[in-house]
1. From the set of residues in the range 62-81 that are assigned to a helix (DSSP H, G or I) and within 13 Å of the chain's Cα centre (by Cα), which is nearest to ASN94 (Cα to Cα)?
2. Please pick out the residue among VAL125, VAL149 that is within 18 Å of ARG33 (Cα to Cα) and either exposed (fewer than 12 other Cβ atoms within 10 Å of the Cβ) or among the basic types (Lys, Arg) (or both).
3. With the requirement that a residue be under 17 Å from GLU84 (Cβ atoms), hydroxyl-bearing (Ser, Thr, Tyr) and in a helix (DSSP H, G or I), what does the range 104-131 give you?
4. Cβ-Cβ distance below 6 Å, separation of 6 or more or different chains: which pairs start in the range 93-109 with a residue that is open to solvent by 60 Å² or more (accessible area, probe 1.4 Å) and end on one that is among the hydrophobic types (A, V, I, L, M, F, W, C)?
5. Being modelled with pLDDT of 95 or more and surrounded by fewer than 17 Cβ atoms within 10 Å (Cβ to Cβ) is true for just one of GLY22, GLY34. Which residue is that?
6. Anything in the range 38-86 that is in contact (Cβ under 8 Å) with a residue 60 or more places away in the chain and open to solvent by 80 Å² or more (accessible area, probe 1.4 Å)? List them, or say none.
7. Can ARG116 be described as at pLDDT 95 or above and either in contact with a strand residue (DSSP E or B) (Cβ under 9 Å, 6 or more places away or on another chain) or not small (Gly, Ala, Ser) (or both)?
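The values are calculated or read from the model by the stated rules, or taken from the named source; none is laboratory data. Because the structure is a prediction, the values reported are computed rather than measured. Note that we place each Cβ from the backbone using ideal geometry, even for glycine, and neighbour counts take in every protein chain shown. Areas reflect the complete protein model, heavy atoms only, side chains present, ligands, DNA and RNA absent. Shrake-Rupley method; radii C 1.70, N 1.55, O 1.52, S 1.80 Å.
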Amino acid sequence: MDTEPAEPTALGDPHTDDAALGMLLASAHQGARGALSDELRPLGIETRHFAVLAALDRLGPTSQRRLGALLGLDKSAVVRIMDELERLGLAVRNRDAHDRRAYAVELTGEGRRHARASAETAAAVSARLFGWLTPADRDRLVALLSGVVEHAADISTGGETSRP
């Protein structure tokens, strides 16, 4: 399936203007996140809950600190999400056996069911969003987005990036 080239936006043409390209990327993110959020709503969870449920389902019990680091969430965001998941009966926090100052978080039985149901939902949404990409397009998109993530990390830590 061919797609039309991106149209110039109020900020400019994403083909030639970096700010407009950044806004196009932000719009793509918002659209994908919105599509997933709409589909997760019947499960009673949001996208931020899905990410934590999926990580805990894959990792098993883990510390809040590690969970935040793996998902790129700050400490207060992890606490807030865990508060919500506990209220929903999907996860619990217990003192970490190796460090009594830390909490190990894990899914409840209901949390595991939600994690698996939400993973199926996410897979269906993702198939609709990305299924039209050829394998080569997908590889290129992954490489490009990985590069953006790497450059963003360099910039946020004071490093400098340049155009190739």
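1. LEU67
2. From the options VAL125, VAL149, the qualifying one is VAL149.
3. Of everything in the range 104-131, just one residue is under 17 Å from GLU84 (Cβ atoms), hydroxyl-bearing (Ser, Thr, Tyr) and in a helix (DSSP H, G or I), namely SER118.
4. ASN94/ALA104
5. Values: GLY22 fails: modelled with pLDDT of 95 or more.
Sole residue among the options that is modelled with pLDDT of 95 or more and surrounded by fewer than 17 Cβ atoms within 10 Å (Cβ to Cβ): GLY34.
6. Matches in the range 38-86: GLU39 only.
7. yes
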